[in-house]
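Take a look at the structure set out below.
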Amino acid sequence: MSTQAPIRRTTVPQIAARKGGEPIVSLTSYHAHTAAIVDAHADFILVGDSLGMVMHGMESTVGVPLDLMIMHGRAVVRGTRQALVVVDMPFGSYEESPSVAFRNAAKIMKETGCGAVKLEGGKRMAETIRFLTERGIPVMAHIGLTPQSSHVMGGFKTQGRDEDSWPLHIKDAKAVSDAGAFALVVEGVVEPLAREITQAIEIPTIGIGASSACDGQILVLEDMLGLNPWVPKFVKKYGALHEAIEKAVADYAEEVKSRAFPGEDHIYR
Ligand code: KIV
C-alpha cells in the first residue's frame, strides 16, 4: 500500500491524442525549482541536453554526458506532479545500435522516473525508435535542425530554405512516426516545410523556431525568460531576468559595501 497521494501526470497517449487539437504547451527545465513553476502550465517538460550550453557553458550539446542528464532529469521529476517529463538522450548514448539505445534509455527512465525519452534523427533512427517503443520506452523524435549533428551541418542553421530538401525532411518525419514515436520536435525549419511535415504525419509536431504551423511549441525556459543575454532570433522574451538579476546583485553588493545588511537579531527569524 502506498502512503503518498498518487501523482497523476499527463500521459504519452494524451499528448499523442492532441494532434490537430488544442496546441501543446511545452518548455525545457533542468531544475526542481523552475520545473515546479512550469508544471502547472505545460503539458510536458523537456529536460533538454541544451542544459550543457545553457547551464554548464558548453559550446554545443555534443559533450553532455548521460549521468548529467540523469541528475537533472531526477531533479525535474522531483519538482513536478502534473506534466509529462521527457528526458533527452545525449549524443553517443543511442546512435550505435538499438540495444545500446535501449540500455541507456532504460537507465534514464529507471533512475529519473521520467515518462519518455527524446532522441535526434529521422529515417536513420527509425529502427531504434521501433525497438524502444516495442519494449515499453515511449520516444519523442527530433528532426530539422538537430544540434547534436551541428558539426556535420556546419553550425546551427535553419533547415528547408531550399525547397529541394523538403522531401528528405518529410521522409524523416514519416519514418519516425511510422516507427512509433508519439510526438516529433521540429526544430529550425521554414514555416511552409513545418506545415507540410505537420500535415504529412499522424503524431503531433512540436515546433521550436518552426512557426505556428506545428501542433505545439517548445522553448528553452531560460531563453523565453530573458536570462540569456543572447537568444535565437525566433524567441519571444516573456521576461527580463538577466536585467532583474543584474540589478538585484548590484543592489546587494552596494548594501553590503555600506554595511546596510541585517544584524544578528535578524538571523533565521
Ligand atoms: O535540448 C533541448 O532543449 C531541445 C529543445 C530545444 C527541443 O532539444
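Mind putting together the pair-distance distribution for the chain? All Cα pairs, 10 Å bins, whole percent per bin, short to long.
Binned Cα distances yield the sequence 7, 28, 35, 18, 7, 4, 1, 0.
Measuring from centroid to centroid over Cα atoms, what is the spacing of segment 95-130 and segment 1-37 in Å?
The distance from the Cα centre of segment 95-130 to that of segment 1-37 comes to 20 Å.
From the gyration tensor of the Cα coordinates in segment 46-173, what semi-axes in whole Å does the equivalent ellipsoid have, largest first, with each one equal to sqrt(5λ)?
In descending order the semi-axes read 24, 18, 13 Å.
Just rank Ile137, Ile15, fewest to most, by other beta-carbon atoms within 10 angstrom.
Ile137, Ile15
Given the convex hull of the Cα atoms of segment 160-256, what is a quarter of its surface area in nm²?
Spelled out: convex hull of the Cα atoms, projected over all directions, averaged, 7.6 nm².
Taking only pairs that are 8 or more places apart or on different chains, how many Lys pairs in the chain have Cα atoms under 14 angstrom apart?
4
Could you give me the ³J(HN,Hα) list for segment 239-255, computed from phi with Karplus coefficients 6.51, -1.76, 1.60 and θ = phi - 60°, whole Hz, x at Gly and Pro?
x, 9, 5, 4, 5, 5, 5, 4, 5, 4, 5, 5, 4, 4, 4, 4, 5
Every number here is computed from the coordinates shown, using simple stated rules; none is lab data. A quick note: this is a predicted structure, and the numbers were derived from the prediction, not measured. As a convention, Cβ positions derive from the backbone with ideal geometry for all residues, glycine included, and neighbour counts pool all protein chains shown.
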